[in-house]
Amino acid sequence: MTTTKVFIVYYSLYGHVETMAREIQRGANAVQGVEATLWQVPETLSDVILQKMKAPHKADDVPDIRPEQLLEADGFVFGFPSRFGVMAAQCKAFFDATHELWGTQALAGKPAGIFWSTGFHGGGQELTALTAVTQLAHHGMMYVPLGYTFGSGMFEMNEVKGGSPYGAGTYAADGSRQPTELELKQAFYQGKYVAEIAKKLKHNPLAP
């Protein structure tokens, strides 16, 4: 049986999205026959600006991705922090650089999920997801929302939990809050869920 390749492509400034991405990778790799790899969206801020923002160093074990490398994957999970209710500019710049792939619709039919981090409740937990869907739609990718398939974890009201039917999410607050156990469980579930769908589509492709 051929391997199904799932790319978890993310941008993380302070590490919250990276933590979620690693859990999503674990979930995807839990599916037999799936190989999930982590990729970082290239940084657009200068080292000077990053130092002033007190941003930690990027993960050394996760390479930057080039737009053409997206062709190698059978499915995706894209992750990013929210900026004023939309994905971070670094991710938008990366999607803007995929214009040649868009021109040939080379990514059409490939499944893709999304996950995110916001500062607080009104910071775009759902708006960030909804506005990100446009990037997938123009490429013809198949957006894979979670719906309420995560079960009882979707209805948790006794603790703060990011995420929604659109995908996994976390709250960063002032930057000191880290993803909770429940948020990480949802991230793991999302990786597994998207990987299973990517695997099904790879072995049972849509009719042309």
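In this structure, does residue 93 turn out to be aliphatic (A, V, I, L, M), within 19 Å of residue 144 (Cα to Cα) and under 18 Å from the mean Cα position of the chain (by Cα)? Here the answer is no, as residue 93 does not meet what is asked.
Taking first residues from the range 71-90 that are more than 21 Å from residue 25 (Cα to Cα) and partners that are small (Gly, Ala, Ser), the Cβ contacts under 6 Å between residues at least 6 apart in sequence or on separate chains come to 85/124. You will find that of 99, 57, 16, the residue that is more than 20 Å from residue 143 (Cα to Cα) and free of Cβ contacts under 8 Å to residues at least 60 places away in the same chain is 57 and no other. For residue 113, the test of being in a loop (DSSP other than H, G, I, E, B) and touching a residue at least 24 places away in the same chain (Cβ under 8 Å) is failed. Residue 130 fulfils the conditions (1) open to solvent by 10 Å² or more (accessible area, probe 1.4 Å); (2) of a type in the set (A, V, I, L, M); (3) over 19 Å from residue 88 (Cβ atoms) except for a single criterion, (3).
Screening the range 26-54 for residues that are within 15 Å of the chain's Cα centre (by Cα) and free of Cβ contacts under 8 Å to residues at least 60 places away in the same chain and picking the one that is nearest to residue 133 (Cα to Cα) gives 41.
The sole residue among 123, 162 that is out of contact with any helix residue (DSSP H, G or I) (no Cβ under 9 Å at 6 or more places or on another chain) and surrounded by 13 or more Cβ atoms within 10 Å (Cβ to Cβ) is 123.
Only helices (runs of 4 or more DSSP H) whose full extent lies in the range 1-98 are considered here, and the ones with at least 2 residues that are open to solvent by less than 40 Å² (accessible area, probe 1.4 Å) and under 29 Å from residue 122 (Cβ atoms) are 16-29, 89-96.
Every residue, every condition in (1) among the polar types (S, T, N, Q); (2) in contact with a Lys or Arg (Cβ under 6 Å, 6 or more places away or on another chain); (3) open to solvent by 30 Å² or more (accessible area, probe 1.4 Å); (4) closer than 13 Å to residue 114 by Cα, yes or no:
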{"position": "146", "(1), (2), (3), (4)": "no, no, no, yes"}
{"position": "153", "(1), (2), (3), (4)": "no, no, no, no"}
{"position": "168", "(1), (2), (3), (4)": "no, no, no, yes"}
{"position": "177", "(1), (2), (3), (4)": "no, no, yes, no"}
{"position": "180", "(1), (2), (3), (4)": "yes, no, yes, no"}
{"position": "197", "(1), (2), (3), (4)": "no, no, yes, no"}
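Beta carbons closer than 9 Å, at least 6 apart along the sequence or on distinct chains, pair a first residue in the range 169-191 that is within 22 Å of residue 147 (Cβ to Cβ) and among the small types (Gly, Ala, Ser) with a second that is assigned to a helix (DSSP H, G or I) and open to solvent by 60 Å² or more (accessible area, probe 1.4 Å) for 187/22; 187/26; 191/26; 191/29.
If you go through the range 99-110 and keep only what is open to solvent by less than 70 Å² (accessible area, probe 1.4 Å) and in a loop (DSSP other than H, G, I, E, B), you end up with 106, 107, 108, 109, 110.
Scanning the range 136-143 turns up one or more residues that are free of Cβ contacts under 8 Å to residues at least 12 places away in the same chain, open to solvent by 30 Å² or more (accessible area, probe 1.4 Å) and within 25 Å of residue 196 (Cβ to Cβ).
The values are calculated or read from the model by the stated rules, or taken from the named source; none is laboratory data. Computed from a prediction, not measured in an experiment: that's the story for all the values here. Methodologically, a virtual Cβ is constructed for each residue, glycine included, from the backbone with ideal geometry; neighbour enumeration extends over all protein chains shown. We work out accessible area using only protein heavy atoms, side chains counted, and drop any ligands, DNA or RNA first. Shrake-Rupley method; radii C 1.70, N 1.55, O 1.52, S 1.80 Å.
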